[in-house]
Amino acid sequence: MLHGFGTVAGTPMDAGAGTPMDAGGTARRVTRSARDAVARVPGAERSVAPAVARAVAILELLAENVAVPLGLSEIARRLDIPKSSVANLCATLVDSGLLFRRDGAFSLGRKLAELGGAYLASADEVREFRDACRSLTTAAEETVQLAVLDQMEVIYLARHEGRQYIRLASEIGRRLPASCTAAGKVALATLSPADLADRLHGLASLPVLTTHSLRSRSELLADLETTRRRGYAIDDEETADGVVCFAVTVPGRYAELGPAASPWAVSVALLKARARDDRREQLVLDLQELSRRLAPLGREMFGSAPDWR
């Protein structure tokens, strides 16, 4: 048994490849309500530059609907913004390269890829993550990821591809339900009881990615309690059939995405057929080592995370 909660969290890796389903198996989206996009821009309601807040909301909306370009009327309807304002904002975003327009519909522009790449290239934790992954004894052969919790979702920031390649739904920059992923569950397990209760308030059911995904608050709370006792989280085909994941938190990594604390985590994914007990133990040890290497960066930037044990 491996111990040391706050250092290791293992859940079968966030690797879903299927379409999200509701509890009855019906396909459904996992993304948050588009109509709430303006409201979820931090400080939008009191912003001294409301046009900037609205522009951010437009970018977020198109990111959530990346497969389908949206026209002015649809953007205005979903965000509850006057169509004339949307037209002006989109024209400016197109001119700057942040949006692309074709046949009257808008999608994300290439400039966003440049900006995202520049961020990742300059982020100390991403560089250190990539360097550290290459030196891991066993996990270097697998797919290792760095993620951050945002409300009830996880955002993937970086990935190490080992020799044992597997196809994952957790692309860089993509969000997945925290309740389905190893990284998400271990991050949730570090929250204070009040913070966790606030995030779960009003949730009648949980997003479902596979038949193994947790479906209720009670199931999630029981899983989080097990994670705390075990010291790491496990995603047992909860994101993708045939794939398991283990994850650990990064001590000191408590970024701020809006008003809520946002713990960071590292995870490793592999085919379930290869996840023997001896290999799992070594992978968790590797994640602990990776977590220790990343922890100083977190403490320098954000200070120490609270201990809710």
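Amide H contacts of PHE106 (H built 1.01 Å from N, in plane; Pro and chain starts excluded): LEU70, GLY71 sit under 5 Å, all sequence-distant by 5 or more or on other chains. Between VAL208 and MET21, the built amide H atoms are under 5 Å apart, and every one of these is 5 or more places off in sequence or on another chain. Taking amide H positions as modeled 1.01 Å from N, with prolines and chain starts lacking one, the residues under 5 Å from THR143 and 5 or more places away or on another chain are GLY162, ALA269. Think of the range 124-302 as having a plus end and a minus end, set by charges on the Cβ of Lys, Arg, Asp and Glu; of ALA178, TRP264, ILE234, ILE234 sits farthest toward the positive end of this dipole. The charge dipole of the range 124-302, taken about its Cα centre with unit charges on the Cβ atoms of Lys, Arg (+1), Asp and Glu (-1) only, comes to about 160 debye.
Normalised by the number of residues in the range 124-302, what is the relative contact order in percent for Cα pairs under 8 Å and 6+ residues apart?
25
If the segment from ARG130 to SER192 were pulled out straight at 0.36 nm per residue, it would be longer than the present Cα-Cα gap by 19.3 nm. Arranged from fewest to most other beta-carbon atoms within 10 Å of their beta carbon, CYS90, CYS245, CYS133, CYS180 become CYS90, CYS133, CYS180, CYS245.
Taken together, the values in this text are just the output of simple stated rules run on the coordinates, not laboratory data. Just so it is clear, the structure is predicted and the values come from calculations on it, not from any experiment. Ideal geometry is used to build each Cβ from the backbone, glycine not excepted, and the neighbour counts take in all protein chains shown.
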